[in-house]
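Have a look at the structure below before the remarks.
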Amino acid sequence: MPDDIHELTLYVQSKKAVTTFYRPPTAGSTSRPEATMTGLGGGIPAPGSSGDAVGESVFFLSDDQARCQAMVEETAAQRGYHVHVIDIERVGRIERLVAEHLRGVQKFPVLISALGRRLEGVEAFTEDELAAIMPADLKSVRAFSYLKVRGGDLDKIKRLLETLREVKELHFLTGDWDILIVLEFDPTAANKRRVLDFVTEQIRGIPEVIDTSTIIPEYSLTKFPL
């Protein structure tokens, strides 16, 4: 079971409708012709007829809200969260009025995290916002390397670094260091030694790179989409 901080509540607001389904009379029963109204869908029992009319309340969720719910559930599954979905049209009026989380809410759906952060309205449900409200432990191994390079063709250095699969980000700097790169490795095969071997062999192997300094975090969390 996920811990409390990995619990979210999604409030949606469906629309209620009443449908009437016609069941033909059972064998041996009688019906009066005038008791049936005809329409495009065939015989529909009128009030007071002997046919069985079953009135049933059904709830329809708009496609916009259904899409938001699907996005939340998919993101939660990827990032290790559990989502409790509540349709406010199906809960009791008193419960709805006293729900502290819904005070002041104008638009649905509403997603509320255990820490109290909320997304409100269809427009707020984007991949970036969902990732931010559900921070996730990074499963990959990342490292951050500062590079000092000889003066020369920075475009050439940039192209060489771009060819390395492990280089995920590259930033040109001013100050003591010239470039910052973000490295990412498969956690099943990576450790500190492998990261440093990569830096010393592959990054330092570029003739223009004259020095490096690498930081390898002990733990990483991200609010970016995975």
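Before moving on, here are some points about what is shown:
- Once the chain from PHE60 to GLN202 is taken as fully extended at 0.36 nm per residue, the excess over their C-alpha distance is 45.4 nm.
- Solvent-free Debye scattering, log10 I(q)/I(0), computed from the Cα coordinates of segment 100-206 at q = 0.15, 0.20, 0.24 Å⁻¹: -0.75, -0.99, -1.28
- With K and R counted +1 and D and E -1, the other residues having a Cβ less than 13 Å from that of VAL167 yield a net charge of +1.
- Peptides 165-177, 132-144 ordered by average Cβ neighbours within 10 Å, highest first: 132-144, 165-177
- Footprinting exposure proxy for THR9, THR200 (fewest neighbouring C-beta atoms within 10 Å first): THR200, THR9
- Annotation: peptides 181-188, 215-222, ranked by per-residue average of other Cβ atoms within 10 Å with the highest first, follow the order 181-188, 215-222.
- Sorted by Cβ density within 10 Å, fewest first, the residues GLU120, GLU127, GLU201: GLU201, GLU127, GLU120
None of the figures in this text is laboratory data; all of them are computed from the coordinates on show. Predicted model, so just to flag it, every value in this text is computed and none were measured. Positions of Cβ are generated from backbone atoms using ideal geometry, with glycine treated the same way; all protein chains shown enter the neighbour counts.
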